[in-house]
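The values are calculated or read from the model by the stated rules, or taken from the named source; none is laboratory data. None of these values were measured; they are calculated from a predicted model. Ideal geometry is used to build each Cβ from the backbone, glycine not excepted, and the neighbour counts take in all protein chains shown. Calculation scope for accessible area: heavy atoms of the full protein, side chains included, ligands and nucleic acids excluded. Shrake-Rupley method; radii C 1.70, N 1.55, O 1.52, S 1.80 Å.
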Amino acid sequence: MFSYRHAYHAGNHADVLKHSVLISIVKYMTEKPVPLSVIDSHAGAGLYRLDSQALALSGEAGEGIEQFLKDPRPLSSTLLKDYVETLTAFNTGKKTTLYPGSPFIIQHYLNASDRLKLFELHPTDTRLLEQHVAQLRAARQVAVLREDGFEGMKKFLPPKSRRGLVLMDPSYEIKSDYAKVALSIQDCLRRFETGTYIVWYPLIARAHAHDLPKRLKTLAQQARRPWLHLSLIVKSSKFTTLPGQLVDVMDRQKRPGLPGSGLFVINPPYTLAGLAKEAMPELLERLGQDDHANFVIDSGG
Ligand code: SAM
């Protein structure tokens, strides 16, 4: 049914942006002693090896985490230092070979009373995720659900403690995912307007991709909730498509690789905008590949 496997993309520049911001949010939200409920609606396999055949084939980690870590300049931003510290916690040797996906990044910061629901539909990745989670000492606070994340998360909102975080990170393999994300966020805000929501999306030459952050901004504004929008372009898209022609996001033979990605956060921690302002120029310096490289920070509410 699905051909997308995150194993080919783990540790790419989009993961660096997404995971460093995710860490900052989870760290902030787990500081209070009130139980936190976290939903990862599109979880993937949870853990990846950077020396895998899949990543050697795609070369994506090379342009992402490997390029980021190779840079000899010391990091100055707190958000990026925390990201590196988290990766270090998963790697006992000097070399970073194990790359944690969002499920393991989130779990790493949870307190005993916090809960994590992981939705994954791909049969192979669900099996891998279950195996990875079973190895955790805290496996009981984590549930793996082989269900559609968009639908399945509804039953967990609002959480009893009224403290919740949702990461919505689809592969956008199906064009309808863009509309589903917007509808889902609308539904989530109706059920639980004070929850924190993180949506990842690719910056590609598709109208749906450009429209999504605009739709999310409208939804946040209609719900009168604060929002933060971050995007990072690392290279030119070099697309030679005709108007209306579709580009397969995940097909490396038809495209020069993902040029950039964005994160739209609703109800962000109040500290996040400041931390992002510090981190985005440093991310750009480390991950930018050509003159098209750029970042945008926008917020409201
Ligand atoms: N969040 C992961 C991370 O940061 O490590 C990466 C997730 S990957 C971009 C998207 C995942 O969503 C894929 O593993 C795919 O199989 C899964 N998926 C696609 N549609 C889904 C759906 N409707 N519900 C749950 N999972 C889905």
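Here is how the numbers come out for the structure above:
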item: Under 14 Å, Cβ to Cβ, from Lys214 - net charge with Lys/Arg +1 and Asp/Glu -1; result: +1
item: Candidates Pro103, Pro72, Pro269, ranked by Gaussian network fluctuation over the chain, Cα under 10 Å, top entry; result: Pro72
item: Within-11-Å neighbourhood charge of Asp125 [Cβ basis; K, R +1; D, E -1]; result: +1
item: Cα gyration tensor shape for segment 1-95, rounded if a/c is under 1.5, else prolate or oblate; result: oblate
item: Under the span-like rule (Cα at least 18 Å along the axis, Kyte-Doolittle mean at least -0.5), DSSP H helices of the chain; result: 13-29, 176-191, 272-287
item: With every protein chain in place, segment 6-226: carbon and sulfur % of accessible area (1.4 Å); result: 52
item: Exceeding the 23 Å Cα-Cα cut-off - candidates Lys27/Lys81; Lys155/Lys175; Lys81/Lys277; Lys95/Lys235; result: Lys155/Lys175; Lys95/Lys235
item: Per residue, in Å², the accessible surface of segment 88-194 once ligands and nucleic acids are set aside, probe 1.4 Å; result: 50
item: Overall Cα dimensions of segment 6-226, principal axis frame, Å, largest first; result: 46, 43, 39
item: Whole-Å semi-axes of the ellipsoid equivalent to segment 92-210 (Cα gyration tensor, √5λ, descending); result: 25, 20, 14
item: Selected from Ser261, Ser171, Ser161 as most flexible by GNM, with the chain as the system and alpha-carbon contacts under 10 Å; result: Ser161
item: Amide H partners (placed H, <5 Å) of Ser299, local residues excluded; result: His229
item: Mean ellipticity per residue at 222 nm, deg cm²/dmol - from DSSP H runs of n ≥ 4 across the chain, formula -39500 (n - 2.57); result: -11500 deg cm²/dmol
item: Chymotrypsin sites (Phe, Trp or Tyr not before Pro), loop per DSSP, at most 12 other Cβ atoms within 10 Å - longest free stretch of the chain; result: 3-269
item: Segment 43-144 shape via C-alpha gyration tensor axes, a/c threshold 1.5; result: oblate
item: Highest-fluctuation residue, Leu284, Leu50, Leu232 considered, GNM on the chain with Cα pairs under 10 Å; result: Leu284
item: Estimated distance in nm for a label pair at Lys154 and Asp187, the labels positioned 7 Å out from Cα along Cα-to-Cβ; result: 0.4
item: Loop sites in segment 34-73: GluC sites (Glu not before Pro), DSSP, at most 14 other Cβ within 10 Å; result: none
